[in-house]
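I have placed the structure first, in the form of structure tokens, so that the comments after it can refer back to it.
Please treat every number below as a calculation from the coordinates, not as lab data. If you're wondering where the values come from, they're calculated on a predicted model, not measured in any experiment. Neighbour counts run over all protein chains shown; Cβ positions are idealised from the backbone, glycine included.
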Amino acid sequence: MLRYVVRRLLQMIPLLLGVTILSFLVIQLSPGDFLSEIRLNPVVSQQTVDQMRADFGLDQPLYIQYLKWVRNIVRGDFGYSFAFQVPVLFLIRSRLFNTLLLNLVALTFAWMIALPVGITAATRQYTAIDNATSLTAYIGISTPTFFSALLFLYFAFKTRLLPIGGMTSLDYDDFTWLGKVLDVAHHLVIPVVVVGFLSIAGLMRQVRGNLLEVLRQDYVKTARSKGLAERVVLRKHALRNAINPLITIFGFELGGLLGGSAILENVIGWPGLGQLILRSVLAKDLYVVMGSLLIAAVTLVLGNLAADVLLALTDPRIRYD
Amino acid sequence: MRSWAALLTVGALLVAVFAPGAVGQGTPLKLPDIPNPKVAANAPEIGKSGGTYVVGSFGDPRTFNPIVAQETSSTDVLNPIFDGLVEQNYLTGEIEPALAESWEVSKDGKSWTFTLRQGVSWSDGSPLTIDDVVFTFQAIFTEGVQSSSKDSLTFEGKPVRWKKLDDRRIQFTTEKPVGTFLRLIGAGIIPKSKLADALAKGGAEFNKSWGVNTAPKDIVGTGPFVMQSYLPGQRVVFLKNTRYWKVDKKGTRLPYLLRYVRLITPNQEQVRLKFLAGETDVYSARPREFAEFKQGEKAGNYTIYDGPETFSSEFLVFNQNPAGISAPKLTWFQDVRFRRAISYAIDRNTIAQQVYAGRATPAWGPVSIGNKLYAKPNLPTSPYDLNRAQSMLAEAGYRKGADGFLHDAAGNIIEFTLSTNSGNLDRESIGNILRQDFTKLGIKVTYAPEEFNTMVGKLTGTFKWDAIIIGLTGGIEPVTGRNVWLSSGSLHMWYPKQDKPVTDWETEIDKLFDQATAEVDSKKRAQFYFRWQDIVAQQVPLLYFSYPKTQPAVRNTLGNIKIGLQGAIGTIDTLYYKTAYK
């Protein structure tokens, strides 16, 4: 097992190189660069723009820029943002927690609802409950996140029950510890429901499908004919086998904790990593984008690795060496 | 005897009646630490202390260093914290004393001496000295520092020079007289004690100093507010600066407001929703929103004002650069008769109606009507008239053929690509209107909006484009746009960076801009600007559409609201809350 993990970690290196080279090329080769906007400013002279270009290293050949970046990354230096003139790590760190919070709460929320609902739908197949949840699931899967986000924002505006975007209220600093938690929770309602809705929909269908397949197996019939209660059959035999694909999905979702919510954050106004990435891509703030993509890629790979290891731990049939 | 007594009594009475008034009017207002504070004479009312003022804004600030800040998301955060030697009156556009209480210009117009206001201190308590002013300009001109002020203070390649005369006066000298100097010298003054170390390490290090990773209490300025906190992606909170150097007409130290909050919102829609939901106090409504907001005034407890036009401009430009296009297109675009005829085919009224819901004034020249100082009235107009356009084209040799298309004298069909930056809905609408009208004239127009960066690359790099719809921001003083109007300028849209001006009128414009730059008297300067606007209206290198109006919406609980240039509602140091504190 240990050898397997080490092997996977080593495989991460060429993968990351590939991801970063591709990202670098795509950003650099698309038209314009960070200075495009400044060029259209009537007050700024050509010399100033050229000077900035040299300062940012944008006048050097692409491969030199890339190699310099890699050398710095290995030393832990993610470089400086062109737009903010502060270390990229500072920018990422200032927003990391917010995105993590959002996605973790959404993950928990989604799984806590999807599992019981999916199990219920499977055990009561083709009943009214099953059909109703399936319909809701289809709606959830088909609705784009930005659209549901906008709908919720409008609802928040009309009813004044929920805040319109943001993470904390103006008087946040004056609240007690409990008040602060409640304030953030209040602001989390819309984003978590929007993100969660999509997750729940897909997840629930997965749970239902896997469980149905397992319930048709012979060993389940045997267990039932042995006289075991349905609940015990479900818990001790069926669920354990239906869980496998879900663990893989869980690993994926762990991997997407840092990258997945860019559009939502921009529509809702959640101060997270996704907002930073999108703004930086639009402004072509090279090193912020590269740094964020690198972190997202590493998280994704580690998440998958965690999923595979978990799988090996729960399923005795799976062996890696 | 009686007459003496009478005289004495009358005299005593007179003294008793008038003396207190005389003392009251004669004594200048002063503060314990500042002998000559500036009086906010423009504010209509005397206000009350207290309250939190909340506005919505786009984008996070990119830096807290006023020397390096370029974009509005940063300058909007830094403007309440820093002051310059002079400031602009938001109602009239004239320059007024700020940190400098007075100035003198030499007879030859080449030397400007500023006297610093006494007693002003930084928000951390240390005194403002002339050394801070010297340091500020040293920083601007240090090699490697990315300052936008550097370009405006460099004249024909030579930077302005300065000299500290004594501990209250500094003198700036230029090679040739610069009449508009006061408009260029307003850069925010920074504290030497806090930033000297960073500057000593060089330009690149200085660019990074006072970045957004700096603790707010380290950002020290002289302005009405100090930064209390910054939550990335959420908000910037300011608290009143209790050492501020301005007073109201009664002598009370300003600002009135206790707290000022800028909420960072991701898009325009949310800014609007937050205002309607009561979370913010001001909203710069877009022209199309005016009618709807007007209806909601009572329910929302706000007033929406009919503001003046902005200084920004939007126009159509044809490429006249031989490096980018060639005959026959080059010949058509270089033909002033062609351009003038096209101007008659631009339906400015429809543009004002459809794009701006009627809240825009048709534009005939480069200076917005909203610029009360320098806009020339009664410029020649070219009202929409397709028949007139067609006959003007015919006179110039461009006639409609049997195929229904316009042909030039050599028989080529007049066709070109019209572009603008996709995503800008207003410009895209304008593009559609133009395309339809040009097609009626018989011109084959390919309308192709493209991505902003691609368009910039063409305008400033390859020069391979035909016709573009684009806009520029503008300041009150047209010479600050010299990169656009000088023939050698890099933003001289239709033919940038000329070695020598290729036409007589461009030669004349170059000369007018030099003369305007040198002229100290603003009325004489206005004459040069008027002549320039005449030339532009005749030669139409840029065909202007309209000047959109502003429509600021303000919560009724705010006081000292008076709408000024470009729709500004008031100054942050005189706004106050009429009702209970928030």
Cα gyration tensor, the stretch B:36-123 - rounded (a/c under 1.5), prolate or oblate: oblate
Along the stretch A:110-117, Karplus-curve 3J(HN,Hα) (6.51, -1.76, 1.60; θ = phi - 60°) to the nearest Hz, with x for Gly and Pro, reads 5, 5, 5, 8, 5, 4, x, 5
Formal net charge of residues neighbouring A:LYS284 (Cβ-Cβ distance under 10 Å; K, R +1; D, E -1): -3
Cβ neighbours within 10 Å, averaged per peptide: list A:20-30, A:266-276, A:244-254 in order, most packed at the top. A:266-276, A:244-254, A:20-30
Long-range amide H partners of B:GLN228, meaning residues 5 or more apart or on another chain whose placed amide H is closer than 5 Å, are B:VAL237, B:PHE238, B:LEU239
Take every Cα pair under 8 Å in chain A that's 6+ residues apart, average their separations, divide by the length, and report that relative contact order as a whole percent. 27
Per residue of the stretch B:447-459, in order, report the coupling 6.51 cos²θ - 1.76 cosθ + 1.60 (Karplus, θ = phi - 60°) as ³J(HN,Hα) in whole Hz, putting x for Gly and Pro. 9, 9, x, 9, 5, 3, 4, 4, 5, 4, x, 6, 5
Here Rg/Rh (Cα, Kirkwood) for the stretch B:222-310 equals 1.05
How many percent of DSSP beta bridges within the protein assembly as shown run antiparallel, rounded to 5? 80
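Quick one: divide the alpha-carbon radius of gyration of the stretch B:294-407 by 2.2 N^0.38 Å and tell me what you get.
My calculation over the Cα atoms of the stretch B:294-407 gives 1.44.
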Tell me which residues come under 5 Å, amide H to amide H, from B:SER546 once H is placed; ignore anything under 5 positions away on its chain. B:GLU314, B:ALA363
What helix-only [θ] at 222 nm does chain A give? Using -39500 (n - 2.57) per DSSP H run of at least 4, over all residues, to the nearest 500, the answer is -24500 deg cm²/dmol
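Would you please classify the overall shape of chain B from the alpha carbon gyration tensor, given that a ≥ b ≥ c denote the square roots of the eigenvalues, rounded means a/c under 1.5, and beyond that prolate means a/b larger than b/c while oblate covers the rest?
Prolate, since a/c reaches 1.5 and a/b exceeds b/c.
Under the classification rounded if a/c is under 1.5, otherwise prolate if a/b is larger than b/c and oblate if not, where does the stretch B:107-198 fall, given a ≥ b ≥ c as square roots of the Cα gyration tensor eigenvalues?
Values: a/c = 2.27, a/b = 1.34, b/c = 1.69.
Note, shape of the stretch B:107-198 comes out oblate.
By counting other Cβ atoms within 10 Å of each Cβ, how are B:ASP510, A:ASP218 ranked from fewest to most? Walk me through the numbers on the way to the answer.
Details: B:ASP510 19, A:ASP218 7.
By the 10 Å Cβ count, ascending, the order reads A:ASP218, B:ASP510.
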List the relative contact order of the stretch A:121-248 as a percent without decimals, with contacts defined as Cα pairs under 8 Å and 6+ residues apart. 28
Binned at 10 Å starting from 0, the alpha-carbon pair-distance distribution of the protein assembly as shown in whole percents comes out as 2, 10, 17, 21, 19, 14, 9, 5, 3, 1, 0, 0, 0, 0
Karplus couplings for the stretch B:316-323 from phi (6.51 cos²θ - 1.76 cosθ + 1.60, θ = phi - 60°), rounded to Hz, Gly and Pro as x? 10, 10, 9, 6, 10, 9, x, 6
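For the stretch A:199-234, which trypsin sites (Lys or Arg not before Pro) pass both filters: DSSP loop (anything but H, G, I, E, B) and at most 12 other C-beta atoms within 10 Å? Please report the intermediate quantities before stating the final value.
Details: sites: A:ARG205, A:ARG208, A:ARG216, A:LYS221, A:ARG224, A:LYS226, A:ARG231; in loops: A:ARG216, A:LYS226.
For trypsin sites (Lys or Arg not before Pro) across the stretch A:199-234 that sit outside H, G, I, E and B with at most 12 neighbouring Cβ atoms in 10 Å, the list reads A:ARG216, A:LYS226.
Shielding of A:29-40 by partners, i.e. mean partner chain Cβ atoms within 10 Å per residue? Don't jump to the answer; show the numbers that get you there.
On the way: counts 0, 3, 10, 8, 3, 1, 2, 9, 5, 5, 8, 10.
Whole-number average of other-chain Cβ neighbours for A:29-40 is 5.
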Check which residues have an amide H placed less than 5 Å from B:ALA285's amide H, if you skip close sequence neighbours. B:GLN551, B:ALA553
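Arranged from highest to lowest average of other beta-carbon atoms within 10 Å per residue, in what order do the peptides B:225-234, A:113-122 appear? Please report the intermediate quantities before stating the final value.
Details: B:225-234: 21.3, A:113-122: 19.7.
Going from most to least packed, we get B:225-234, A:113-122.
Determine the shielding of peptide B:66-72 by partner chains: average, over its residues, the number of Cβ atoms on other chains within 10 angstrom of each Cβ. If you can, show how the numbers build up before the last one.
Working: counts 0, 0, 1, 0, 7, 5, 0.
Average neighbour count from other chains, rounded to a whole number: 2.
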How many angstrom lie between the C-alpha centres of the stretch B:61-105 and the stretch B:444-518? 27
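Work out the mean other chain Cβ neighbour count within 10 Å for the residues of A:270-279 and drop it here as an integer.
Values: counts 3, 8, 2, 1, 0, 5, 3, 0, 1, 4.
Mean inter-chain Cβ contacts per residue within 10 Å come to 3.
Taking the highest mean first, how do the peptides B:514-520, B:31-37 order by number of other beta carbon atoms within 10 angstrom per residue? Before the final figure, lay out each step's value.
Details: B:514-520: 19.6, B:31-37: 15.7.
Put in order of decreasing packing, that is B:514-520, B:31-37.
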A correct Stokes-Einstein calculation for chain A, using the alpha-carbon Kirkwood radius, 4 °C and 1.567 mPa s, returns a whole-number D in µm² s⁻¹ of 56
